[in-house]
Amino acid sequence: MAGPHKLAGELGLLALVLVVGLTLASPTVLLLALPIAIHVTLGLLLTRRFLKLRATRHLSNSRTHHGDGIDVELSIENLGQHLDLVLVTEQQTLAKHVTEGTTSSARTLCAGGTLTLSYSAQPPRGFYNPAQVPVYARDLLGFTNWTAHLSCPSPLWVFPSYDPVGRVGLSPHRTLSVPGTARSRRGGEGIQFFATRPYIPGDSLRHLNWKALARRHQTVINLYEQERAAELTVVLDGREWAYEPVQGQETFEHAVRACAALCDSAIRDGHRTGLLFYGERLEWIPLGSGKVQRERLLQGLARAELGFSEAFADLGNLPSRLFPSGSSVIIVSPFTTGDEEALGMLRARGYDVLALVSEPAPSPVTESTPLGLATRLAKLERQLMLQVLRVAGVRVVVWRVDSPLSIAIKATRWRSRWS
Amino acid sequence: MVLSVTAYLAAFGLAWAPVIDRGLPWAMFLFTLPILWILGTTLKFPLALTVGLYGVVALAGWAAFSDALFPALAAMPLALLAWDSASLTLWLRKGCEVQDKVGIWQGLILRSIGAGAAGSAIALGFARFELALPFWGLVGLLVTVWLVLAALRRATGRTQPEPVVNSPPTQARSHEDGIS
């Protein structure tokens, strides 16, 4: 009730008093119109005609991790005339995650004065871009009312939080020519024993197999497996229906964190790493290496959300042509019946496939109840599916999301040694 | 809200007191007006406030018509103060922190009461004079007043500002582990 509505209300009242006074031919009633008329006139004369404001928002950090807080300072500076009342409200995208401070404030703003909002927020994973600040101003009597959206873009990335995991055991068919940590299936300099061959003049005597020389009187050289950088694609499953209805969102958040940890570990080990988000839409971040690539991957993960698409209802439409041939593919998903075929196809095409099965913490269900029986059947069906995957040559790592990921990743290193 | 309700109750009391002994059959029904006002302020319902203001002014008009001009004119600034303060209460959002609250409310009271009281004082001054104004002269005067107000409204309406000012690009103060 401010601005044109209030003015219309008072002018209507004024007209009514005048009409009634004239109709009754009563000067005393007509005199009642005077306070209203002067109130309106004074109110209109005291209104400010121009509004000149500038908004500035300072974030303590433009990129942060889930769970870390940020400090925000939003300032509205009056570059014009004195304003009776200015009200600023921070956008809901950030305001709903406030932990301390205020996100809405009103005050009189003198010429050159500043209205500042300071607050701390703890937003969850995602990308925030509160581009505008809604500002409302009015005069004290409320005859004029301004609403403005001041431009103030402040992009904020909230990446998933993750604990560092150790080296991921990769065993792709093809590796890059640069050193790394993936097994290259080639003899040369390295740590792990690979094979032996007869000594050729020029070979280093450090690698001479002294036991073979002693037993057979032949000079044999030990070869070690070269460790090279590999190409790795991390696939995050974002199909809503693949996750449990009750704990689905929570499991998905764990899956996102696992992907972030895997990407970070792979980038640190020098692998060329890419990300494919498979859910409501396909989001592909091409392979690359270095800190910039890690930033891109984390940004992709920050935007990931559960969703449903008819086209990507099952993993059969996984765009395998995006993955370099003979490279490693890690798929992070709870997996459902029917997914084993798609993974088997990938394996058959020569990819080194690792299925990281994210499982929610088990809920207590009494086995004697029908629900308990159904749970058992579902569990058996799932175990059968995982067995099919193993037989197809897919490395399966079951990770219960309430346990540390590093333990599950350690198992991949041990298994890749024998694969 | 307290100021608005208090001012309204005072205005209502002043406007209602002269007509209390008129034996109006619907006098008790008038008590719905303060209730309506309280509900309108509490529930932030502008229509109830508008009806409340029109009601109390109608009551003041009745009092003025019944030769009780002084209480009726005294009720007018209070009614306008109640109206202005209710408008401000509704405008301030829930959870909004108001800085220099006292100063703002003092300014509002001064401006609202000042304008209303000035009008009432002038009206009271006019009541002491006897002017022989022909009917059409009175109509002409009122039309002139109306036209002045309409022109004022038009002038202020045209100058509704375009307040967006270019903001400088926002800078982050630090990068925790930014890319290099």
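The values are calculated or read from the model by the stated rules, or taken from the named source; none is laboratory data. Keep in mind that what you see is a predicted model, and the values were worked out from it rather than measured. Here the Cβ positions follow ideal geometry from the backbone for every residue, glycine too, while neighbour counts run over all protein chains shown. Areas reflect the complete protein model, heavy atoms only, side chains present, ligands, DNA and RNA absent. Shrake-Rupley method; radii C 1.70, N 1.55, O 1.52, S 1.80 Å.
Okay, residues lined up against (1) of a type outside the set (Asp, Glu); (2) at pLDDT below 90:
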{"residue": "A:197", "(1), (2)": "yes, yes"}
{"residue": "A:224", "(1), (2)": "yes, yes"}
{"residue": "A:235", "(1), (2)": "yes, no"}
{"residue": "A:240", "(1), (2)": "no, yes"}
{"residue": "A:246", "(1), (2)": "yes, yes"}
{"residue": "A:270", "(1), (2)": "yes, yes"}
{"residue": "A:275", "(1), (2)": "yes, no"}
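Of all residues in segment B:66-86, those that are more than 10 Å from chain A (Cβ to nearest Cβ) and without any contact (Cβ under 8 Å) to a residue 60 or more places away in the chain have Cβ atoms under 9 Å from Cβ atoms of residues that are open to solvent by less than 20 Å² (accessible area, probe 1.4 Å) and not basic (Lys, Arg), 6 or more apart or on another chain, in B:71/B:15; B:71/B:60; B:71/B:63; B:71/B:64. Take residue A:342 and tell me if it is over 24 Å from residue A:288 (Cα atoms), without any contact (Cβ under 8 Å) to a residue 40 or more places away in the chain and open to solvent by less than 50 Å² (accessible area, probe 1.4 Å). Spelling it out, residue A:342 is indeed over 24 Å from residue A:288 (Cα atoms), without any contact (Cβ under 8 Å) to a residue 40 or more places away in the chain and open to solvent by less than 50 Å² (accessible area, probe 1.4 Å). The set of residues in segment B:87-113 that are within 12 Å of the chain's Cα centre (by Cα), without any contact (Cβ under 8 Å) to a residue 60 or more places away in the chain and more than 7 Å from chain A (Cβ to nearest Cβ) contains only B:113. When restricted to residues that are open to solvent by 30 Å² or more (accessible area, probe 1.4 Å) and facing chain B (nearest Cβ under 7 Å), segment A:23-45 contains 6. Among the candidates A:87, A:109, the residue that is more than 7 Å from chain B (Cβ to nearest Cβ), more than 30 Å from residue B:64 (Cα to Cα), open to solvent by less than 10 Å² (accessible area, probe 1.4 Å) and hydrophobic (A, V, I, L, M, F, W, C) is uniquely A:109.
Note on segment A:233-273: residues that are assigned to a helix (DSSP H, G or I), closer than 23 Å to residue A:170 by Cβ and open to solvent by less than 10 Å² (accessible area, probe 1.4 Å) amount to 11.
Checked against (1) surrounded by 17 or more Cβ atoms within 10 Å (Cβ to Cβ); (2) closer than 22 Å to residue A:160 by Cα; (3) more than 14 Å from every other protein chain (Cβ to nearest Cβ), residue A:305 passes all but condition (1). Checked against (1) more than 14 Å from every other protein chain (Cβ to nearest Cβ); (2) open to solvent by less than 20 Å² (accessible area, probe 1.4 Å); (3) outside any loop (DSSP other than H, G, I, E, B), residue A:326 meets all criteria but (3).
The residue that is most open to solvent (accessible area, probe 1.4 Å), counting only those in segment A:385-410 that are more than 18 Å from residue A:351 (Cβ to Cβ) and free of Cβ contacts under 8 Å to residues at least 12 places away in the same chain, is A:407. The single residue among A:134, A:164, A:153 that is more than 30 Å from residue B:81 (Cα to Cα) and either touching a Cys at 6+ places or on another chain (Cβ under 8 Å) or within 12 Å of chain B (Cβ to nearest Cβ) (or both) turns out to be A:153. Residues that are assigned to a strand (DSSP E or B) and either hydroxyl-bearing (Ser, Thr, Tyr) or open to solvent by 40 Å² or more (accessible area, probe 1.4 Å) (or both) within segment A:158-189 comprise A:179, A:181, A:183, A:184, A:185, A:186, A:189, listed in sequence order.
Give the residue that is surrounded by the fewest Cβ atoms within 10 Å (Cβ to Cβ), with candidates limited to residues of segment A:58-84 that are within 9 Å of chain B (Cβ to nearest Cβ) and of a type in the set (A, V, I, L, M). Restricting to residues being within 9 Å of chain B (Cβ to nearest Cβ) and of a type in the set (A, V, I, L, M), the top hit is A:79. Answer yes or no as to whether residue B:168 is farther than 19 Å from residue A:140 by Cα, more than 7 Å from every other protein chain (Cβ to nearest Cβ) and at pLDDT below 80. No.
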